[in-house]
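Here the structure is laid out as structure tokens; the discussion comes afterwards.
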């Protein structure tokens, strides 16, 4: 008999795939969304908002494990909003007797000058457990998959520009991970007792700069090189306007993401493989899978925008996030 599982952000990039995988694994899924009438994914849609404590109390009743995949990246005051939401979620989970919370956070060393975005992710880790419910944390960098904000930035920049003038953050190292591997790890930590209350770092098999990621996409999918010129004085604010102009990501989301791109986000410990065995995909395989997902959803020649920071779902732990 499977567990009763609450998935926040169930209509979002990671949450929609997680809900499907959990149902396939035999669990009873409550798919939390602010708009259940629009929900068409796996599980039972339930209405709640992390900003509304009473709504959380309703959907938490009888839940064994709750997945927290929510953030306010598209908001200027996202740090305060995310902190308040985490406090609500922690209190509701404790009151309902939830056995464990699973949170998808962000990589980044504590001894770095972390961006507001990454510091907020660490604060949320702490706040989710402040009422005593054990929290299992998975920290990731960019998640590569169709519809994820950071992947969409990469895909659209490469598709729209034959060459680029890029800021200094393009040389920052990151460790991207395929969407399928993120979901596999999220499902894999649900039941093992040794995952309870622990923090794991997850990533693909390669460490790359943002520039290297875009250049490989250009070669793999477009069969061309992508010349780049680095301009160190291109500020985060100017970069965010540039991204908003070239891609369909709004300026506020772009700015919050870019603020984190100066932080190196790579895996420094591999303990997750002891709990959830298996080799993750390399970057090439992750990119090919993302394009296959896009082709299945939209058709191979469709270039319609797909990034969607709406519905306050955690689309990923993006480069910047």
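Quick notes on this structure:
- Global geometry of segment 1-101, whether rounded, prolate or oblate, following the gyration tensor of its Cα atoms and the 1.5 cut on a/c: oblate
- Ranked packing of 217-223, 201-207, 96-102, most packed first, by mean Cβ within 10 Å: 201-207, 96-102, 217-223
- Structure-based [θ]222 nm, the chain - -39500 (n - 2.57) summed over DSSP H runs of at least 4, per residue, nearest 500: -12000 deg cm²/dmol
- Seen against the Cα atoms of the chain and their longest principal axis, helix 13-24 is set at about 50 degrees.
- The chain: angle of helix 283-298 to the longest principal axis, Cα-based, in degrees nearest 10: 80
- Ranked list, fewest to most other Cβ atoms within 10 Å of each Cβ, for 151, 169, 242: 242, 169, 151
- Overall form of the chain per C-alpha gyration tensor (a/c, 1.5; a/b vs b/c): prolate
- Residue order for 6, 161, 208, fewest other beta carbons within 10 angstrom first, comes to 161, 208, 6.
- Three-way shape label, segment 140-182, alpha-carbon gyration tensor, a/c 1.5: oblate
- For segment 120-276, share of DSSP beta bridges that run antiparallel, in % to the nearest 5: 20
- Sorted by Cβ density within 10 Å, fewest first, the residues 250, 82: 250, 82
- Paramagnetic reach from residue 110 in segment 173-194 [backbone N under 18 Å; point 7 Å along Cα→Cβ]: none
- Highest-first packing order for the peptide set 186-192, 141-147 is 141-147, 186-192, based on the mean count of other beta carbon atoms within 10 Å.
- Antiparallel content of DSSP bridges confined to the chain, in %, to 5: 10
Values quoted throughout were computed directly from the atomic coordinates according to the rules given, and no laboratory measurement underlies them. All figures in this text were calculated on a predicted structure; none of them were measured in a lab. Ideal geometry is used to build each Cβ from the backbone, glycine not excepted, and the neighbour counts take in all protein chains shown.
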